[in-house]
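The block underneath contains the structure these notes are about, expressed in structure tokens.
The values are calculated or read from the model by the stated rules, or taken from the named source; none is laboratory data. Since this is a predicted model, take the numbers as computed values, not measurements. For neighbour counting, all protein chains shown are included, and Cβ atoms are generated from backbone atoms with ideal geometry for every residue, glycine included. Surface accessibility is based on the protein's heavy atoms, side chains included, excluding ligands, DNA and RNA. Shrake-Rupley method; radii C 1.70, N 1.55, O 1.52, S 1.80 Å.
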Amino acid sequence: MSEETAKQYSVLLIEDDPGDARLVAEVLKQAGNIHFALELADTLAGGLEKLSKQPFDVVLLDLSLPDSFGVSTMDHVLNHTPDQTIIALTGAKDEQLAFELSKKGAQDYLVKSEIPGLVLARSIAYAVERKTAELKLNRTVNALKSANRKILEQQKSVIEEERLKVLLQMAGATSHELNQPLLALLGSIEVMLLNEKIPKRLSRHIDRIHKSGRRIAKIVKKMSAIRQVELKPYPGGSSIIDLQQKIRILYLDASEQDFNNLKAHLSSWDNIEVTRAGNMAVAIALLAGEKFDVVFTDYVLSDGTGLDFLKWMAKEGLDTPVISVSGRGDEVIASEMIKAGAFDYLPKASLDQAVITNSIFKALEQFRLKKEVERSHAEMVQMATRDPLTGLYNRNRMNGLLEKEFNRARRYGTDLACLIMDLDFFKEINDTYGHPFGDHVLHQLGRRLTENLRDSDRCFRYGGEEFMVLLPNANVQDARQTAEKIRCLCEGKPYDDGSNTATVTVSIGLATVSNLKPDKPGDLVAFADKALYRAKSQGRNCVVVYRPDLWASGTDENSIYFKKRLTTILSEPKNASVESLNQLVWDKDNQRFKAHNQAVIRNLNLLGAKLGVTPSKINALQMAAIIHDATKVFLGDVDKAGRLDKSELSFVYDHPYKLHDLMAPFDFLAEERKVLLRHHEQFDGNGYPEGLKGDEIPLGARIFSIADAYTAMTSQRSYNRQFSHADALLELADCAGIQFDPILVGAFIDALMETTTLKISDEKAATAKAILDKLIAGSPSAYTN
């Protein structure tokens, strides 16, 4: 009823009886919350005029009017407005009339004296809905019919095109295969014709075979000359190879008689057209405006020589095949013309139809093979240097250009900036929209980069969803401005493939030669790569410039060694990685690591189970705990009482970034990486690295911080006293709302109290719960993110 209430219907009443018109108007006024804008016409002509001026949702049509009567009245309305919704009004019941009106298209049939207000109102609403649905269905059906016709046309086009391809492939093979036996057949017939003793009754048949063989030979030559790159339009929007190709010849010669002789020799070839140029100037003008397949040129010209003409073509980059013809059979001239690029050399004295056509078809075939070789070479170069999906340079080409630009910047004292960018959450794009849309995003980003950067800039697909840009002669400020331009372009313009639309942002790391003075090109890339990690750890969709002190604490030998070992271990399947990493650390520091890590995992399991976290999430938290503790074993830890100095503080604050750096190469650790990057965030927003607050902090990170802190408090430490389990609970409660999520702390206390292995004072647990109850009363739900 709410949709009807919100709708106002425009109604045209065509009724000549004033009393019935007032009755309908009164009935509609009493229709409750359904509103109607009613207009009146007392004749059919008056109603049609009103329909011409404005549309109406429904027409209430009396079938007995001064200028029309019966079913034909509705025909007049539908002829005027074919899609009009009509409710017929009559003075008495007539089932046969109702049936005929329904067949004509009336949405309803009502007797005027039996229409309660609500019935008429609902009849109008339902009639409009039915008509709307009917029109929508008709449009859908018509669209499907149109699409089906187009599909049938395309299928026909594809079938014809494939058939033609097969025929042409067969033609390409048979044109060579038929030639040899055909020549042998024609040769044998020639010998037979020389025999005067052949009976006349056979000679007539031999002559017919001879003529037919020559026609076949001509067809074979025509088949071999078909150029498959020449297409013509075909129904359905496709193209097919043009079988009616013309061979256009430009004949460059001062002698009109020689031109006419050539045309006479080719007169039987209806697919060969010959155009004459009397001198080089005319030939050059013709070649500038028209396309020719073969050029015949005399050696001696009024404004130069055939050799001059070939040199001009080479200079202009024209590669049309040229056949030299000359009245002088000079072998030296022939040699020079061939060396200059001519495909053949023919003396005019020996020209006949066979010589000319053989030379034309041989030149076209040689030219085709030459273009195929050039195209194959270009494709090989493209494959070797370009990424096929994005069209950008690939990593092979990157190494050469990077070294070239780096050495140029060092040699001339100019600057060189390196940007490395990574598409944010690209795995989620593939998972949500599918890999074809992911490929579309990568392709479009490649286009955006090339269209919005300088010609001197170099763009590369660095790997996967990572891209690299080299900016010659760009300092830090220029490079940052360019990086921000790229970032804003990605943030502000969604990707759309016609089926899916999504905005995909980028994180960008930046490094320059002048600021960092790297020793080699690889160092510049490594600096930009590390800045990219920091950009992603700071929340993504941002630009970070590398600073020398940015990762200083992460370049020690232990870090390098551990990262190499971690790379080897975590390349295995994830479940095997857990055990391998455990074993690696146990071999180095058995008891300290093992005891602490097992305690953290036990507490994670307790809290996770209490909250109903899925097993896969708990497994990710366990893995995060192993990696967290392993880094402390291999990279060291701050283990002293009292105030920390600047370097120690830097070491502590860099720990999440180190974890992120170590885990970045492993896509299957995305959940663990998210937890460890943010496990030092605090519930009140005063944590690091991003200052997240409340449920902005991922649930896994909030769970991990509680389990890790409780384990640390109840373990033996040189810089702080060891808490009892009860005192540790009180400490968690005191820090709830500041460092920890109060609801999660409450759930953890409940989980601990339910275990039988720990002896915790009920009194202290109750005190901790009372502290939490005050906080939780105004807290948002923690079971998010």
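Listed values, structure above:
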read-out	value
Ranked order, His679, His443 - accessible area, probe 1.4 Å, largest first	His443, His679
For Val274, residues with placed amide H under 5 Å, excluding near neighbours	Ile249
For Asp415, residues with placed amide H under 5 Å, excluding near neighbours	Asn473, Ala474
FRET efficiency estimate (nearest 0.05) - Cβ-Cβ, Asp94 to Glu428, R0 56 angstrom	0.30
Inter-label distance for Thr320 and Lys29, nm, one decimal - labels placed 7 Å from Cα along Cα-to-Cβ	8.8 nm
Probe 1.4 Å, accessible area per residue of segment 410-527, Å²	47 Å²
Cα→Cβ-extended label distance, 7 Å offset, between Ile206 and Ile338, nm	3.9 nm
Mean Cβ count within 10 Å, highest first, over the residues of peptides 80-86, 10-16	10-16, 80-86
Listed residues Tyr126, Tyr393, Tyr412 arranged by accessible area, highest first, probe 1.4 Å	Tyr412, Tyr126, Tyr393
Under Karplus coefficients 6.51, -1.76 and 1.60, residue-wise ³J(HN,Hα) of segment 434-445 in Hz, glycine/proline x	x, 5, x, 5, x, 5, 4, 4, 4, 4, 5, 5
Most to least packed among 360-370, 133-143 [average Cβ atoms within 10 Å]	360-370, 133-143
20 Å reach of a label modelled at Ala254, 7 Å along Cα-to-Cβ, counting backbone N of segment 277-292	277-286
In order through segment 528-545: 3J(HN,Hα) via Karplus (6.51 cos²θ - 1.76 cosθ + 1.60), integer Hz, x for Gly, Pro	5, 5, 5, 5, 5, 4, 5, 4, 6, 6, 8, x, 6, 6, 8, 10, 10, 8
Antiparallel content of DSSP bridges confined to segment 287-438, in %, to 5	25 percent
Gain upon complete extension [His435, Asp67; 0.36 nm per residue less C-alpha separation]	125.9 nm
Average accessible surface area per residue within segment 665-705, 1.4 Å rolling probe, Å²	36 Å²
Whole-Hz ³J(HN,Hα) from phi, Karplus 6.51 cos²θ - 1.76 cosθ + 1.60, for segment 301-306, glycine and proline x	10, 5, 10, x, 10, x
Label-to-label distance, nm, for residues given as Ala264 and Asn142 (7 Å Cα→Cβ offset)	6.6 nm
Candidate residues Val373, Val613: accessible-area rank, largest first, probe 1.4 Å	Val373, Val613
FRET efficiency estimate (nearest 0.05) - Cβ-Cβ, Tyr126 to Glu484, R0 56 angstrom	0.45
Thr385-Glu451 FRET efficiency (beta carbon distance; Förster radius 30 Å; 0.05 resolution)	0.90
